[in-house]
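This report refers to the structure that appears directly beneath it.
Nothing in this text is a laboratory measurement; each read-out follows from the coordinates by a stated rule. In this text the structure is predicted, and so the values were computed from the model without any measurement. For neighbour counting, all protein chains shown are included, and Cβ atoms are generated from backbone atoms with ideal geometry for every residue, glycine included.
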Amino acid sequence: MKKAAFLSIAMGLAISTVMIQSCKKDDKTTPVVTKPTLYDSLGGTTMVTDPKNSSAKIEQGYLTIRSVVDSSIFVIAADTNINKFFNVLLMEVTSGNTSGFAALSKNLSDFVAVGTGAKNFTYGGKNMVAAHDPAQNSRMNGKAMNDDFDSFETDLVKGAGQNGIMPTNPALQSLAGIVESLRKQVVQN
Ligand code: HEM
């Protein structure tokens, strides 16, 4: 085929592709097929009774995340490799003040929920650099190093295990990928 003819066929194909795409966009009857999110595989928006408050309902996806987050905070609190970073939180809890724990539980859960694709939650805490920079967050006692981050990941897996989510669980592996992608923002040395 001559080069000019090839080019004109190729251009024709390109133009018709654009038209098909734009027709699809304007056609309001075309069903939108969305891929299930990681949040969906953690339970999604199915409403269940909140075990912390039997008169309230909670999305199953958020409940799964909050359960793993809370268990992990307890694992971290007992982990002498990294619990020194949480000294403000631990002092509060020891003296019977759980407001910082509640705030951390909420912010971490919201952060993970949004990161896994939840639509009905927003994250209102600090960004990951600010949250882990002692100069910007007085609740962060020192700068975390790579091995601290490794311990944090191990503790998350333990926290998940306490909720029946095993390391082979594909959702946990995807979540671990998200956590790992944040290493550079948390480890600032
Ligand atoms: C990808 C991994 C991590 C994520 C997603 C994460 C997420 C968060 C979030 C959302 C907050 C709350 C920020 C706010 O309230 O504004 C926070 C606070 C904090 N993080 Fe992390 N974090 C990670 C890793 C680490 C590591 C490795 C350490 C230390 C070893 C650490 C230590 C802390 C401390 C001490 C706080 C303050 C806790 C408090 O409020 O008392 N984080 N983190």
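Looking only at I58, I73, I82, which one moves most when the chain is put into a Gaussian network model with springs between Cα atoms under 10 Å?
I58
In region 62-104, whose amide N lies under 17 Å from the spot 7 Å out along Cα-to-Cβ of N120? List them in ranges.
62-67
Taking a 20 Å limit on the Cα-Cα distance, which of the listed pairs K84/K143; K119/K158; K35/K57; K106/K184; K106/K143 fall beyond it?
K119/K158; K35/K57; K106/K184; K106/K143
List the aspartates and glutamates whose alpha-carbon lies under 18 Å from that of K52, not counting same-chain residues fewer than 8 positions away?
In chain and number order, the partners are D70, D110.
Gaussian network model of the chain, Cα springs within a sub-10 Å range: biggest mean-square fluctuation belongs to which of D50, D155, D110?
Top of the fluctuation ranking is D50.
In angstroms, what radius of gyration and Dmax does region 65-104 have, counting Cα atoms only?
Looking at region 65-104, its Cα Rg and Dmax stand at 9.8, 27 Å.
What does the convex hull of the alpha-carbon atoms of the chain project to on average, in nm²?
Quarter of the Cα hull surface area: 17.6 nm².
Mean separation of Cα pairs under 8 Å and 6+ residues apart, divided by the residue count of the chain: what relative contact order is that in percent?
That works out to 22 percent.
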